[in-house]
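> The structure that follows is given in the form of C-alpha coordinates.
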Amino acid sequence: SYTLGKNTIGAMIVRAPYFFRSHQSEGYGLYHHLQLKNVSWSNYFSYITNTPLSTTNALANTFASWKINSHHQVSAGGGYTLETWTPSSGSAAMRPGFGYDLSYTGSTRILSFTASTMQGSSDYSLARGVKMYSTRTTYSLNRQNNLAFSTQNFTQRPSFYINGVRQSGIYIRSDRYEVRWGISTPSSMVAIKPTYIEEENMLLQ
(Lines give C-alpha, C1' and ligand atoms only; values in the text may rest on other atoms or scores of the structure.)
Protein backbone atom coordinates (compact mmCIF):
# COMPACT_ATOMS: atom_id res chain seq x y z
CA SER A 1 0.00 0.00 0.00
CA TYR A 2 1.05 3.61 -0.52
CA THR A 3 -0.28 6.81 1.07
CA LEU A 4 -0.23 10.11 -0.76
CA GLY A 5 -1.86 12.99 1.05
CA LYS A 6 -5.40 12.00 2.03
CA ASN A 7 -5.46 8.92 -0.21
CA THR A 8 -4.13 5.42 0.35
CA ILE A 9 -4.05 2.85 -2.44
CA GLY A 10 -3.06 -0.79 -2.21
CA ALA A 11 -3.05 -4.13 -3.98
CA MET A 12 -2.66 -7.77 -2.97
CA ILE A 13 -2.48 -11.30 -4.30
CA VAL A 14 -3.37 -14.47 -2.37
CA ARG A 15 -2.86 -18.11 -3.34
CA ALA A 16 -3.73 -21.34 -1.54
CA PRO A 17 -2.64 -23.83 -0.37
CA TYR A 18 0.82 -22.67 -1.60
CA PHE A 19 1.91 -19.40 -3.11
CA PHE A 20 4.90 -20.30 -5.29
CA ARG A 21 4.06 -23.99 -5.73
CA SER A 22 0.89 -25.49 -7.13
CA HIS A 23 -2.25 -23.70 -5.95
CA GLN A 24 -5.95 -24.45 -6.26
CA SER A 25 -7.27 -20.95 -5.69
CA GLU A 26 -5.99 -17.42 -6.01
CA GLY A 27 -7.29 -13.91 -5.54
CA TYR A 28 -6.34 -10.41 -6.63
CA GLY A 29 -7.42 -7.26 -4.86
CA LEU A 30 -7.29 -3.47 -5.19
CA TYR A 31 -7.96 -1.01 -2.39
CA HIS A 32 -8.52 2.73 -2.05
CA HIS A 33 -9.09 4.82 1.08
CA LEU A 34 -9.82 8.53 1.40
CA GLN A 35 -9.51 10.20 4.79
CA LEU A 36 -10.96 13.69 5.22
CA LYS A 37 -11.61 15.63 8.41
CA ASN A 38 -15.07 14.19 9.05
CA VAL A 39 -15.40 11.61 6.28
CA SER A 40 -13.72 8.24 5.84
CA TRP A 41 -14.33 6.40 2.53
CA SER A 42 -13.00 3.00 1.43
CA ASN A 43 -13.37 1.07 -1.84
CA TYR A 44 -12.43 -2.52 -2.62
CA PHE A 45 -12.32 -4.71 -5.70
CA SER A 46 -11.26 -8.34 -5.84
CA TYR A 47 -11.31 -11.25 -8.25
CA ILE A 48 -11.08 -14.82 -6.92
CA THR A 49 -10.75 -18.12 -8.77
CA ASN A 50 -11.37 -21.56 -7.26
CA THR A 51 -10.21 -24.35 -9.55
CA PRO A 52 -11.71 -27.37 -7.68
CA LEU A 53 -15.15 -25.72 -7.64
CA SER A 54 -14.76 -24.30 -11.19
CA THR A 55 -15.91 -20.90 -9.94
CA THR A 56 -14.77 -17.29 -10.18
CA ASN A 57 -16.03 -14.43 -8.06
CA ALA A 58 -15.72 -10.71 -8.85
CA LEU A 59 -16.47 -8.36 -5.96
CA ALA A 60 -16.80 -4.59 -5.63
CA ASN A 61 -17.54 -2.90 -2.30
CA THR A 62 -17.64 0.63 -0.92
CA PHE A 63 -18.06 1.97 2.62
CA ALA A 64 -18.19 5.52 4.00
CA SER A 65 -18.43 6.99 7.48
CA TRP A 66 -19.47 10.59 8.20
CA LYS A 67 -18.86 12.18 11.59
CA ILE A 68 -21.58 14.83 11.68
CA ASN A 69 -20.27 16.30 14.93
CA SER A 70 -18.79 15.07 18.19
CA HIS A 71 -22.08 13.39 19.13
CA HIS A 72 -23.43 11.90 15.89
CA GLN A 73 -22.01 9.63 13.21
CA VAL A 74 -23.55 7.72 10.31
CA SER A 75 -22.02 4.99 8.15
CA ALA A 76 -23.19 3.28 4.99
CA GLY A 77 -21.81 0.80 2.53
CA GLY A 78 -22.78 -1.59 -0.20
CA GLY A 79 -21.39 -4.13 -2.58
CA TYR A 80 -21.98 -6.29 -5.64
CA THR A 81 -20.60 -9.72 -6.46
CA LEU A 82 -20.79 -11.86 -9.58
CA GLU A 83 -20.12 -15.57 -9.13
CA THR A 84 -19.58 -17.62 -12.28
CA TRP A 85 -19.50 -21.39 -12.53
CA THR A 86 -17.66 -22.64 -15.61
CA PRO A 87 -17.76 -26.43 -16.14
CA SER A 88 -15.27 -28.28 -18.31
CA SER A 89 -18.11 -28.84 -20.78
CA GLY A 90 -21.52 -27.28 -21.16
CA SER A 91 -22.86 -23.84 -20.40
CA ALA A 92 -21.62 -21.56 -17.65
CA ALA A 93 -23.91 -20.16 -14.97
CA MET A 94 -23.71 -16.70 -13.40
CA ARG A 95 -25.24 -15.58 -10.09
CA PRO A 96 -25.19 -11.89 -9.09
CA GLY A 97 -25.41 -10.86 -5.45
CA PHE A 98 -25.70 -7.58 -3.61
CA GLY A 99 -25.76 -6.28 -0.06
CA TYR A 100 -25.53 -3.20 2.11
CA ASP A 101 -25.02 -2.10 5.70
CA LEU A 102 -26.09 1.03 7.59
CA SER A 103 -25.31 2.29 11.08
CA TYR A 104 -25.92 5.32 13.28
CA THR A 105 -24.35 6.37 16.56
CA GLY A 106 -25.57 9.28 18.67
CA SER A 107 -25.09 10.50 22.22
CA THR A 108 -26.01 13.16 24.73
CA ARG A 109 -24.55 13.82 28.17
CA ILE A 110 -26.36 10.86 29.76
CA LEU A 111 -27.72 8.83 26.84
CA SER A 112 -26.10 7.04 23.90
CA PHE A 113 -27.71 5.03 21.11
CA THR A 114 -26.37 2.83 18.32
CA ALA A 115 -28.34 1.06 15.59
CA SER A 116 -27.10 -0.94 12.60
CA THR A 117 -28.29 -3.34 9.95
CA MET A 118 -26.60 -5.65 7.45
CA GLN A 119 -28.42 -7.17 4.48
CA GLY A 120 -27.17 -9.58 1.85
CA SER A 121 -28.84 -11.52 -0.92
CA SER A 122 -28.40 -15.30 -0.87
CA ASP A 123 -25.57 -15.15 -3.46
CA TYR A 124 -23.73 -12.12 -2.04
CA SER A 125 -20.36 -13.61 -1.12
CA LEU A 126 -19.62 -11.11 1.69
CA ALA A 127 -22.84 -11.90 3.58
CA ARG A 128 -24.70 -14.77 1.93
CA GLY A 129 -28.38 -14.54 2.81
CA VAL A 130 -27.71 -12.46 5.94
CA LYS A 131 -30.28 -10.21 7.58
CA MET A 132 -29.07 -8.63 10.81
CA TYR A 133 -30.40 -5.83 13.01
CA SER A 134 -28.76 -4.63 16.22
CA THR A 135 -29.26 -1.79 18.70
CA ARG A 136 -27.71 -0.63 21.95
CA THR A 137 -28.99 2.07 24.29
CA THR A 138 -26.99 3.18 27.33
CA TYR A 139 -28.23 5.50 30.07
CA SER A 140 -25.94 6.91 32.75
CA LEU A 141 -27.79 7.27 36.04
CA ASN A 142 -24.73 8.80 37.72
CA ARG A 143 -20.97 8.27 37.86
CA GLN A 144 -21.37 4.92 39.60
CA ASN A 145 -24.39 3.41 37.79
CA ASN A 146 -25.39 2.93 34.17
CA LEU A 147 -28.04 0.89 32.40
CA ALA A 148 -27.80 -0.57 28.90
CA PHE A 149 -30.23 -2.47 26.70
CA SER A 150 -29.00 -4.27 23.59
CA THR A 151 -30.68 -6.35 20.91
CA GLN A 152 -29.49 -8.43 17.98
CA ASN A 153 -31.66 -10.25 15.44
CA PHE A 154 -29.82 -12.40 12.91
CA THR A 155 -31.02 -14.75 10.17
CA GLN A 156 -29.17 -16.40 7.30
CA ARG A 157 -30.08 -18.66 4.39
CA PRO A 158 -27.13 -18.78 1.96
CA SER A 159 -26.81 -20.21 -1.53
CA PHE A 160 -23.73 -21.81 -3.10
CA TYR A 161 -22.60 -24.21 -5.83
CA ILE A 162 -21.99 -27.91 -5.25
CA ASN A 163 -20.74 -29.68 -8.39
CA GLY A 164 -22.33 -26.95 -10.46
CA VAL A 165 -25.73 -27.21 -8.82
CA ARG A 166 -26.98 -24.19 -6.89
CA GLN A 167 -27.97 -25.27 -3.39
CA SER A 168 -29.71 -23.53 -0.51
CA GLY A 169 -27.82 -23.62 2.75
CA ILE A 170 -29.12 -24.29 6.25
CA TYR A 171 -31.44 -21.67 7.72
CA ILE A 172 -30.02 -20.05 10.86
CA ARG A 173 -31.74 -17.66 13.26
CA SER A 174 -30.39 -16.06 16.42
CA ASP A 175 -32.16 -13.48 18.60
CA ARG A 176 -30.52 -11.92 21.64
CA TYR A 177 -31.84 -9.37 24.16
CA GLU A 178 -29.76 -8.17 27.07
CA VAL A 179 -30.14 -5.70 29.94
CA ARG A 180 -26.93 -4.62 31.65
CA TRP A 181 -26.59 -2.78 34.97
CA GLY A 182 -23.04 -1.60 35.59
CA ILE A 183 -21.80 -0.48 39.00
CA SER A 184 -18.41 1.22 39.24
CA THR A 185 -16.25 2.26 42.15
CA PRO A 186 -12.71 3.70 42.17
CA SER A 187 -11.31 0.19 42.66
CA SER A 188 -13.75 -2.22 41.00
CA MET A 189 -16.63 -2.75 38.58
CA VAL A 190 -19.59 -5.14 38.72
CA ALA A 191 -22.05 -5.87 35.91
CA ILE A 192 -25.36 -7.74 36.11
CA LYS A 193 -26.59 -8.90 32.70
CA PRO A 194 -29.91 -10.76 32.42
CA THR A 195 -30.02 -12.14 28.87
CA TYR A 196 -32.61 -13.85 26.68
CA ILE A 197 -31.36 -15.87 23.69
CA GLU A 198 -33.31 -17.85 21.13
CA GLU A 199 -31.47 -19.98 18.56
CA GLU A 200 -32.69 -21.95 15.57
CA ASN A 201 -30.79 -24.11 13.11
CA MET A 202 -30.94 -27.63 11.70
CA LEU A 203 -30.05 -29.32 15.03
CA LEU A 204 -31.31 -26.92 17.68
CA GLN A 205 -34.28 -24.76 18.51
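> Provide the FRET efficiency to the nearest 0.05 for the LEU203-LYS6 pair, computing r from the beta carbons and using R0 = 41 Å.
Between LEU203 and LYS6 the formula returns 0.25.
> Tell me the chymotrypsin sites (Phe, Trp or Tyr not before Pro) within region 125-205 that lie in a loop according to DSSP and have at most 14 other beta-carbon atoms within 10 Å.
TYR171
> Modelled label-to-label distance, THR117 and MET94, 7 Å Cα→beta-carbon offset: nm?
Going by the 7 Å Cα→Cβ label model, 3.0 nm.
> What residues from region 60-81 fall in the zone where the backbone N is under 16 Å from a label point 7 Å along the Cα-to-C-beta line of VAL39?
Residues 62-69, 73-78 qualify, since their backbone N sits under 16 Å from the label point.
> On full extension of the chain, what length is gained from THR108 through THR195, given 0.36 nm per residue of separation minus the C-alpha to C-alpha distance?
28.7 nm
> Which trypsin sites (Lys or Arg not before Pro) in region 133-171 sit in a loop by DSSP (not H, G, I, E or B) and have at most 11 other Cβ atoms within 10 Å of their own Cβ?
Counting only loop positions with at most 11 other Cβ atoms within 10 Å, the trypsin sites (Lys or Arg not before Pro) in region 133-171 are ARG143.
> Next question. Which of the lysines could be linked to LYS37 by a straight reach, that is with a Cα gap under 18 Å, when you skip same-chain ones fewer than 8 residues away?
Qualifying lysines at Cα under 18 Å: LYS6, LYS67.
> Suppose accessible area is computed on protein heavy atoms with a 1.4 Å probe; arrange PHE45, PHE98 from highest to lowest.
These residues rank, largest area first, as PHE98, PHE45.
> Applying the Karplus parametrisation 6.51 cos²θ - 1.76 cosθ + 1.60 with θ = phi - 60° to the phi angles of region 140-146, what ³J(HN,Hα) value in whole Hz is obtained for each residue in order, glycine and proline being reported as x?
3J(HN,Hα) across region 140-146, in whole Hz: 8, 6, 6, 5, 9, 10, 9.
> Right, another one. Across the chain, what fraction of all alpha-carbon pairs, as a whole percent, falls in each successive 10 Å bin from zero upward?
8, 22, 27, 24, 15, 4, 1, 0
> If Lys and Arg each add +1 and Asp and Glu each add -1, what is the summed charge of the other residues whose beta carbon sits under 14 Å from the beta carbon of PRO158?
Here the charged neighbours net out to +4.
> What ³J(HN,Hα) values, in whole Hz, does the Karplus curve 6.51 cos²θ - 1.76 cosθ + 1.60 give for region 20-37 when θ = phi - 60°, with x put for Gly and Pro?
Whole-Hz 3J(HN,Hα) from phi for region 20-37: 8, 9, 4, 9, 9, 8, 8, x, 10, x, 10, 9, 9, 9, 10, 10, 9, 4.
> Scan around GLN24 for amide H atoms under 5 Å from its own, H built in the peptide plane at 1.01 Å from N, and keep only partners 5 or more places away or cross-chain.
Counting only residues 5 or more places away or on other chains, the set is ALA16, TYR18.
> In nanometres, what is the gap between the two model label sites at HIS72 and TYR47, each 7 Å from Cα along Cα-to-Cβ?
4.3
> So what are the ³J(HN,Hα) numbers for region 186-194, from phi and the Karplus equation (6.51, -1.76, 1.60; θ = phi - 60°), rounded to whole Hz, Gly and Pro as x?
x, 10, 7, 9, 10, 10, 10, 9, x
> Which distance in Å, rounded to a whole number, links the C-alpha centroids of region 169-198 and region 42-97?
So the separation of the two Cα centres works out to 33 Å.
The values are calculated or read from the model by the stated rules, or taken from the named source; none is laboratory data. Please read these numbers as outputs of a predicted model, since none were measured by experiment. Backbone-built Cβ (ideal geometry, glycine too); neighbour counts: all protein chains shown. Only protein heavy atoms, including side chains, enter the accessible area calculation; ligands, DNA and RNA are left aside. Shrake-Rupley method; radii C 1.70, N 1.55, O 1.52, S 1.80 Å.
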